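Read through the structure below, which is laid out as structure tokens, and then see the notes.
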Amino acid sequence: MTSCIFCKMVSGEIKPKVILENDHILAFHDINPKAPVHALVIPKAHISTLDDLPSDDPELASALFQAVQQVAAALGVSETGYRTVINCRGDSGQEVYHLHLHILGGRTLGWPPG
Ligand code: AMP
């Protein structure tokens, strides 16, 4: 899926500020941070939305959440707390249709979200 901006990061065509990478995932700093800490974790495989995450690949879901833990620790928000957000389609405000987990922290976050 060459038109996908996150696939271009996986292929190396676009170079994000990488935090963590392994066989399954890539994690990088969000280009337009909404909090002092704002990172994204993506699967390397192109998966459009959360609903498209394959149910027969529990290892991938596990890899995504393990990466969230590792990125939060690397960015120093494990102790202070952080929020993980997955936007899914229109009403959520999903802009990039390649599954990604937001990691937000470094300040007190309001609830409920807007
Ligand atoms: P969402 O609204 O959940 O689809 O979030 C997409 C996120 O991707 C937004 O927070 C954008 O700031 C972020 N984003 C878009 N392009 C880039 C880029 N080139 N590098 C890093 N983050 C990006």
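Computed from the coordinates by the stated procedures, all read-outs in this text should not be read as laboratory data. This is a predicted model, so every value here is computed, not measured. Cβ placement follows ideal geometry from the backbone for every residue including glycine, while neighbour counts extend to all protein chains displayed.
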With Cα atoms, 0 to 90° folded angle of helix 58-74 axis to the chain main axis: 40
Relative contact order computed over the chain (Cα-Cα under 8 Å; 6+ residues apart), in percent: 30
Peptide ranges 88-94, 48-54 listed from the most packed, as the mean C-beta count within 10 angstrom indicates: 48-54, 88-94
Extreme residue, positive dipole direction of the chain, given options 63, 93, 109 (C-beta unit charges): 109
All aspartates and glutamates inside 15 Å of residue 15 as judged from Cα atoms, apart from same-chain residues fewer than 8 positions distant: 30
Interatomic Cα distance distribution for the chain, bins of 10 angstrom, percent: 14, 47, 34, 5
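By the scheme Lys and Arg +1, Asp and Glu -1, what is the net charge of all other residues having a beta-carbon under 14 Å from that of residue 105?
That works out to +1.
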Unmatched cysteines, the chain - criterion: no other Cβ of a Cys under 4.7 angstrom: 88
